[in-house]
1. Of these, Asn97, Asn40, which one is in contact with a Gly (Cβ under 7 Å, 6 or more places away or on another chain), more than 30 Å from Phe175 (Cβ to Cβ) and at pLDDT below 95?
2. Show the residue pairs that are 6+ apart or on different chains and have beta-carbon atoms under 7 Å apart, the first residue being within the range 253-282 and part of a helix (DSSP H, G or I), the second being within 16 Å of the ligand (Cβ to nearest atom) and of a type in the set (D, E, K, R).
3. Every residue in the range 241-290 that is polar (S, T, N, Q) and within 16 Å of the ligand (Cβ to nearest atom), please.
4. Quick test for you: out of Asp163, Asp91, pick the one residue that is part of a loop (DSSP other than H, G, I, E, B) and either assigned by TED's automatic domain parsing to the domain that holds Glu53 or under 19 Å from the mean Cα position of the chain (by Cα) (or both).
5. Considering every residue within the range 170-184, establish whether at least one is more than 16 Å from the ligand (Cβ to nearest atom), among the hydroxyl-bearing types (Ser, Thr, Tyr), in contact with a Leu (Cβ under 8 Å, 6 or more places away or on another chain) and under 29 Å from Tyr11 (Cβ atoms).
6. Would you mind stating whether Val293 is open to solvent by less than 70 Å² (accessible area, probe 1.4 Å), within 16 Å of the ligand (Cβ to nearest atom) and in contact with a helix residue (DSSP H, G or I) (Cβ under 7 Å, 6 or more places away or on another chain)?
7. If you go through the range 194-212 one residue at a time, how many are closer than 20 Å to His261 by Cβ and either of a type in the set (D, E, K, R) or open to solvent by 80 Å² or more (accessible area, probe 1.4 Å) (or both)?
8. Restricting to the range 51-87, give me the number of residues that are out of contact with any Lys or Arg (no Cβ under 8 Å at 6 or more places or on another chain), away from the ligand (no atom under 12 Å from the Cβ) and of a type in the set (S, T, N, Q).
Amino acid sequence: MLKRKDLLGLYDCSAEEIDEILTEADAMYESLDKGGKCGNVLRGKTLITLFYENSTRTRTSFELAGKYLGAHEVNISSAASSVQKGETLIDTGMTLNALKCDFIAIRHPMAGAPKLLAEHVGASVINGGDGMNEHPTQALLDMLEMRRRFGKIKGLKVAILGDIKHSRVAKSNLFGLKKLGAEVWMYSPATLMPQGIDRLGAKIAKSREEAVEGADVVMGLRIQLERQTGGLFPSLSEYSKFYGVNDAVMKYAKPGAVIMHPGPVNRGVELTPALIDGKSSVIVDQVTCGLSVRMAVLKLLSRYREERL
Ligand code: CP
């Protein structure tokens, strides 16, 4: 059973904890499909979303997850908060804690910021993406999508292509997928491949075709121009030509393979528009899995808080 105050990353989650979250999230997905948007497991609880970086999917789905489960929900964007007056993360966190909130979902450009916050507040902290470190609920939603499509994670070949170096999504997926028994292949320009990722269990491909050969899942990752200092590849059009995923590359994948992307997509860069909108793409359904996962995480953390008090 999930016995933790916070969800900061998948590196330190066990396979059993991940499996429990996915099972709960699967039930949430089924309930949402039947119109179930008015639960009460978080009635009387407060969720604050504290985002220091832009977001559409993660922030909105945390907000809706809280609302659908009956919580009070407040959003704080750093651009409109006292962060702009120089307030520190810990002072902001202690202020929110004094307002008696139960959960803080945070996105921050610095790796480790959610952990620092969690050490200073009684509220449960959920990492919504910290720098180049982790994005655990994104990887959980990706795994939920795979589990729903294939009925299992164990034994799947997952090919991850794109800006792996700057990607918290790639790292959380690697940690989670390896724990559940999948094979994770990665491919990118050498300048976008973090050194030592093979020691964490990734298989590094020498070509797009090798990465995708026999894959059940082909995941494109966004080129994160905002985290790059420049000069890591010649141009977006050359990136697309030599490293992007297109129909010719997908011919190497297993029949029935699915295309995934965490979003937002740079159309025509990581994936061709035809693949993004094609019948193998599950990119839109990943968003519903994201809502389901965030509902499940809030419910399970809340249960632990109730039992601990
Ligand atoms: N995948 C993801 O984190 O998307 P957002 O930046 O829109 O939250």
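The values are calculated or read from the model by the stated rules, or taken from the named source; none is laboratory data. What you see is a predicted model; the values in this text were computed from it and never measured. Cβ sites come from the backbone with ideal geometry, for glycine too, and all protein chains shown count toward neighbours. For the accessible areas, the whole protein counts, side chains as well, though only heavy atoms, and no ligand, DNA or RNA atoms are used. Shrake-Rupley method; radii C 1.70, N 1.55, O 1.52, S 1.80 Å.
1. Details: Asn97 fails: more than 30 Å from Phe175 (Cβ to Cβ).
Criteria check complete, one pass: Asn40.
2. Pro273/Arg267; Ile276/Arg267
3. So the first thing to find is which residues in the range 241-290 are polar (S, T, N, Q), and the list is 246, 266, 272, 280-281, 286, 288.
Residues satisfying the conditions are Asn266, Ser281, Gln286, Thr288.
4. Values: Asp91 fails: part of a loop (DSSP other than H, G, I, E, B).
Only one candidate passes the filter, namely Asp163.
5. no
6. Details: open to solvent by less than 70 Å² (accessible area, probe 1.4 Å): yes; within 16 Å of the ligand (Cβ to nearest atom): yes; in contact with a helix residue (DSSP H, G or I) (Cβ under 7 Å, 6 or more places away or on another chain): yes.
The answer is yes for Val293.
7. 2
8. Qualifying residue count for the region: 5.
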